[in-house]
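The values are calculated or read from the model by the stated rules, or taken from the named source; none is laboratory data. The shown structure was predicted, so the numbers you read here are calculated from the model rather than taken from an experiment. Methodologically, a virtual Cβ is constructed for each residue, glycine included, from the backbone with ideal geometry; neighbour enumeration extends over all protein chains shown.
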Amino acid sequence: MQMQGNVAVVTGAGSGIGRQIALSFAREGARLAICDIDMAAAGRVVGELEEAGAEAMAVEMDVTSEEAVNSGVDAVARRFGRIDTMVSNAGIQIVHPIEDFPYADFRRLLAIHLDGSFLLTKACVKHMYPQKSGSLIYMGSVHSHEASALKSAYVAAKHGILGLSRVMAKEGAKHGVRANTICPGFVKTPLVEKQIPEQAASLNISEKEVVDRVMLGGTVDQEFTTMEDVAEIAVFLAGFRSNALTGQSIVPSHGWYMA
Ligand SMILES: NC(=O)c1ccc[n+]([C@@H]2O[C@H](COP(=O)([O-])OP(=O)(O)OC[C@H]3O[C@@H](n4cnc5c(N)ncnc54)[C@H](O)[C@@H]3O)[C@@H](O)[C@H]2O)c1
């Protein structure tokens, strides 16, 4: 097992990609903090993990609240004694053409993705630096590298996350802390299911066209990336032992973006 004894903090772990990362980490021997604003969802994932024999705790955390992030991360360190892996994954999607994009929605999206990643990083390195080890994993997107219409806030946030991750590779190195970003293509999760009818309405095309053309048109084989694909890369990054792999982005996207 690649993560025996490893303590991992995963935000947005109540659903989708975050939940799958937590399940895959547990299978590799990790102890898990399931952090989410949706406490009922976090509790359900903790139940699944405990049933599988893993140690896990649910942490109620709005990643935009400095107080909630700091107290949540400290509670994890108190319970498990250390923090080895951070997965900054909580996120939302809001699509509008810019002329109709409410400023409040732009700021809310930026706050969850970007302020949340900053706050979580700051809270976790406090525990990682003294122990001289740690792996910071950020959930970017193909939209950390590419742009799509209607996604001004999301593309700006995901480019920003990549920048933060690269800075952390430089700042963390002397403390034995690595930082990398996973940049998936479209993965069928609640976040994406919700976008299909929204984009169909905004672009005035059918839902099938949204999937075939907008979401998968740039892939080499018209296939969705899976939650398991993303989780497998997270396990690899969490278990990697040296700074040889830091400051990188890994792009599971069926060739949509070729780095
Ligand atoms: N699904 C995709 O196609 C795809 C592709 C690339 C990147 N991503 C990224 O992966 C991450 C997870 O997305 P997903 O598709 O699994 O979505 P999801 O909607 O299934 O899960 C997101 C989780 O984040 C939580 N969350 C939302 N706001 C929060 C907040 N303020 N504080 C704490 N938790 C909060 C939600 O409660 C939910 O449990 C996001 O960062 C997303 O941008 C998704």
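Give the residue that is surrounded by the most Cβ atoms within 10 Å (Cβ to Cβ), with candidates limited to residues of segment 4-17 that are among the hydrophobic types (A, V, I, L, M, F, W, C) and touching a Lys or Arg at 6+ places or on another chain (Cβ under 8 Å).
Looking at residues that are among the hydrophobic types (A, V, I, L, M, F, W, C) and touching a Lys or Arg at 6+ places or on another chain (Cβ under 8 Å), I get Ala13.
The residues on offer are Ile196, Ile161, and the sole one that is over 23 Å from Val235 (Cα atoms) and outside any strand (DSSP E or B) is Ile196. Each residue in segment 1-46 was checked for being away from the ligand (no atom under 13 Å from the Cβ) and in a loop (DSSP other than H, G, I, E, B), and 9 pass. The set of residues in segment 193-215 being surrounded by fewer than 18 Cβ atoms within 10 Å (Cβ to Cβ) and in contact (Cβ under 8 Å) with a residue 40 or more places away in the chain consists of Lys194, Glu198, Ser202, Leu203. Filtered by the rule that a residue be within 13 Å of the ligand (Cβ to nearest atom), in contact with a strand residue (DSSP E or B) (Cβ under 7 Å, 6 or more places away or on another chain) and among the polar types (S, T, N, Q), segment 166-205 gives a lone residue, Thr181. Considering Arg178, Arg166, the condition of being modelled with pLDDT of 95 or more, out of contact with any Lys or Arg (no Cβ under 7 Å at 6 or more places or on another chain) and surrounded by 21 or more Cβ atoms within 10 Å (Cβ to Cβ) is satisfied by Arg178 alone.
Residues checked against (1) of a type in the set (A, V, I, L, M); (2) loosely packed, with under 15 Cβ neighbours inside 10 Å:
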{"residue": "Met1", "(1), (2)": "yes, yes"}
{"residue": "Arg19", "(1), (2)": "no, no"}
{"residue": "Phe25", "(1), (2)": "no, no"}
{"residue": "Arg31", "(1), (2)": "no, no"}
{"residue": "Val45", "(1), (2)": "yes, no"}
{"residue": "Thr64", "(1), (2)": "no, no"}
{"residue": "Ala90", "(1), (2)": "yes, no"}
{"residue": "Asp100", "(1), (2)": "no, yes"}
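From the list Leu136, Leu150, Leu109, the lone residue that is modelled with pLDDT of 95 or more and either over 18 Å from Asn6 (Cβ atoms) or surrounded by fewer than 22 Cβ atoms within 10 Å (Cβ to Cβ) (or both) is Leu109.
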